[in-house]
Amino acid sequence: MKRYPVQRTCTPPPAGDFFAPDFWAGAAEGRVDQFRPEGSDHRPDVCICALHDEASLYLRFDVQDRYVRSVQTAYQGSVCRDSCVECFVQPRADRGYFNFETNAGGILLLFYIEDATRVPGGFRKYQMVDAAWGSQVVVHHSLPSVVEPELAGPVTWRIGYRVPVALLEAQVGPLGPLAGQVWRVNFYKCGDQTSHPHWASWSPIHALNFHLPECFGELALE
C-alpha cells in the first residue's frame, strides 16, 4: 500500500502567496502517474504536496499539461469533465470519505460518500457538502476561472487549497490530535471532456472508477 507522509507546519502559508516556495520546502512530493489504459496517449506530469497544522490540511497540485480546458464555474459543477485534479480522503476507517474535485479554474465539487455503490443518479449513500462548508475551502489557482478554447500547447498550472479539519469533523465526528494518525487517501488527474481524455491516480485503481476506497493508499500525519 502506498503511503504519503504529511509533515506538520508551524505556520500557515503567507497571505497572498499560497504557493510560496519556503512554505512548501519541507513537504514530500508524490506523483499521480498511474494512468488507465482507457484514456488517450496524453500523460500530464502531476506532482502533489501536503502539509498540516492540526487545524487544517494544505494540499497542492502542480500540473505540467496540454489540452487544458476548464468551463465549469459553479460550486458542485461537473468539474471532472474539465482539466481536473482530485483528492479523495477518508479520515476514519469506520466512516465515509470526501471527494475534493477541482478544475483548473479553481471550481470545487465536494461530496461526502458513505457507500460508493453506483445507482441511478449517483451513489447509494452520499451527500453534497453544503455550500456554507464548501466556501471554507479556500482554493488558489494559477489559471483564469475559465479556459476556453482549449489550450493545446504545453502549460503548467497549479491548484492549492486549505481544508479545515472542522469541515471533516462535521461529517465524521471529532478526530482529536492529528499527529500520528493514518488516514486513507487517493489523488487523481482527469479530463473527461477535453480533446485528449485521460484518467490517472496516485495509488493504482483496478477499474476506470475513482470511487474505489479499497484502492486508497495511506496519508500519514506526522
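Suppose every K and R has +1 on its Cβ and every D and E has -1 on its Cβ; what is the size of the dipole of region 66-222 about the Cα centre, in Debye to the nearest 20?
Numbers: 12 positive and 14 negative charges, 27 e Å.
Magnitude of the dipole: close to 120 debye.
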Item checked: Helix-only [θ]222 nm of the chain, DSSP H runs n ≥ 4, -39500 (n - 2.57) each, per residue, nearest 500 -> -1500 deg cm²/dmol
Note to self: Give the separation of the Cα centroids, region 156-222 to region 1-79, in Å.
What the structure shows: 10
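Sorting check: for 83-89, 195-201, which peptide has the highest mean count of neighbouring beta carbons within 10 Å, and how do the rest follow?
Details: 83-89: 25.1, 195-201: 19.1.
For the peptides 83-89, 195-201, the packing ranking is 83-89, 195-201.
For every other residue with a beta carbon closer than 12 angstrom to the beta carbon of Lys2, add +1 if it is Lys or Arg and -1 if Asp or Glu, then tell me the sum. Before the final figure, lay out the partial values.
Details: positive: Arg3, Arg31, Arg184; negative: Asp33, Glu218.
Combined, the nearby Lys, Arg, Asp and Glu give +1.
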Item checked: Rg(Cα)/(2.2 N^0.38 Å) for region 63-213, N = residue count -> 1.05
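Computed from the coordinates by the stated procedures, all read-outs in this text should not be read as laboratory data. All values derive from a computational prediction rather than experimental measurement. With ideal geometry, Cβ positions are generated from the backbone for all residues, glycine too; neighbour counts draw on all protein chains shown.
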